[in-house]
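Everything on this sheet refers to the single structure shown next.
The values are calculated or read from the model by the stated rules, or taken from the named source; none is laboratory data. This one's a predicted model, so the numbers in the text were calculated from it and none came from an experiment. Cβ coordinates were reconstructed from backbone atoms using ideal geometry, including for glycine residues, and neighbour counts include every protein chain displayed. Surface accessibility is based on the protein's heavy atoms, side chains included, excluding ligands, DNA and RNA. Shrake-Rupley method; radii C 1.70, N 1.55, O 1.52, S 1.80 Å.
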Amino acid sequence: MTETNDFTAEAAATAAEEVMTSEDLAALCESRAATYELIARLFRNEVDEGLLAELMETDYPVSSGNALMDTGYYQIAKYLSNAWVDPLMKLAVDYTRTFLGSGIDTYSAAYPFESVYTSEKRLLMQDARDEVLAIYRSCGLEKSESWTVGEDHIAVELEFMRVLAQRAAAALRGGDEERAFSIINTQHNFMDDHLATWVPVFANEARRFADTLFYQGVVNLAEGFLEEDATLLAGLLSDEDEPERDPQPRS
């Protein structure tokens, strides 16, 4: 059986309250990166055969310490345990219903783009897209050509957080704690300025459109994890002399 990574709300709370070694914090950042990677993949496109096999072999935690995460894991596991007849087709249909809709307007689905939830007329490719693109580039990153979604798609924003978590872990393992906390500060700012401003509203819409327990669970897992990670990032920085917000973060 494959186990989910060991990030839990309780572990995050402990990390924020207690003094950890660089090795402990590096391991926590790697665990966070793994969760970001999973959730980003679930939002990026439909579940394929390979991912379905991995998900069905996964041992999901019973108690993470966060109610939304617990609900999400339970819903995903329950759906997969009963997915006997053509689950890929059913999941593809629900993915389209929930996140793509009819394409007629931005009210026919829970479109997973920040611009939809932060622009007055719910339009794509608005200021939020330009802002996150500038942040990615300031960190030396460009969206992979294989990713056809826009830069403010939830999967891209989550992938950005994954990359930064891995960079922080690498810096810690390399003995560069100053760089690691600069990266953590960048994550904290991105969480506050972007993910936390729109994902809760998006999640509420997605729960209305999702028909399967699986995508209900994905949405709950994502929202719960981001809640916990926001708390963790704030807690880590409160134990340091938090650096000033830098429009060109060193990451």
**Prompt:** Which ones in the range 97-130 are over 17 Å from Ala206 (Cβ atoms), at pLDDT 90 or above and surrounded by 18 or more Cβ atoms within 10 Å (Cβ to Cβ)?
**Reply:** Ala128, Arg129
**Residues satisfying the stated conditions in the range 204-226, i.e. out of contact with any helix residue (DSSP H, G or I) (no Cβ under 8 Å at 6 or more places or on another chain) and of a type outside the set (D, E, K, R)** = Asn204
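Before we move on, is Ala171 among the aliphatic types (A, V, I, L, M), free of Cβ contacts under 8 Å to residues at least 40 places away in the same chain and surrounded by fewer than 21 Cβ atoms within 10 Å (Cβ to Cβ)?
Numbers: among the aliphatic types (A, V, I, L, M): yes; free of Cβ contacts under 8 Å to residues at least 40 places away in the same chain: yes; surrounded by fewer than 21 Cβ atoms within 10 Å (Cβ to Cβ): no.
So Ala171 does not fit the description; no.
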**Item:** Elements of type helices (runs of 4 or more DSSP H) contained in the range 120-231, each with 3 or more residues being more than 19 Å from the chain's Cα centre (by Cα)
**Value:** 127-138, 154-173, 177-190
**Request:** Among the candidates Asp229, Asp192, single out the residue that is surrounded by fewer than 15 Cβ atoms within 10 Å (Cβ to Cβ), under 21 Å from Glu114 (Cα atoms) and at pLDDT 95 or above.
**Result:** Asp192
**Criterion violated by Glu37 - all others in (1) out of contact with any Lys or Arg (no Cβ under 6 Å at 6 or more places or on another chain); (2) crowded, with 17+ Cβ neighbours inside 10 Å; (3) over 19 Å from Glu205 (Cα atoms) satisfied** = (1)
**Item:** Residues satisfying the stated conditions in the range 206-224, i.e. acidic (Asp, Glu) and open to solvent by less than 30 Å² (accessible area, probe 1.4 Å)
**Value:** Glu223
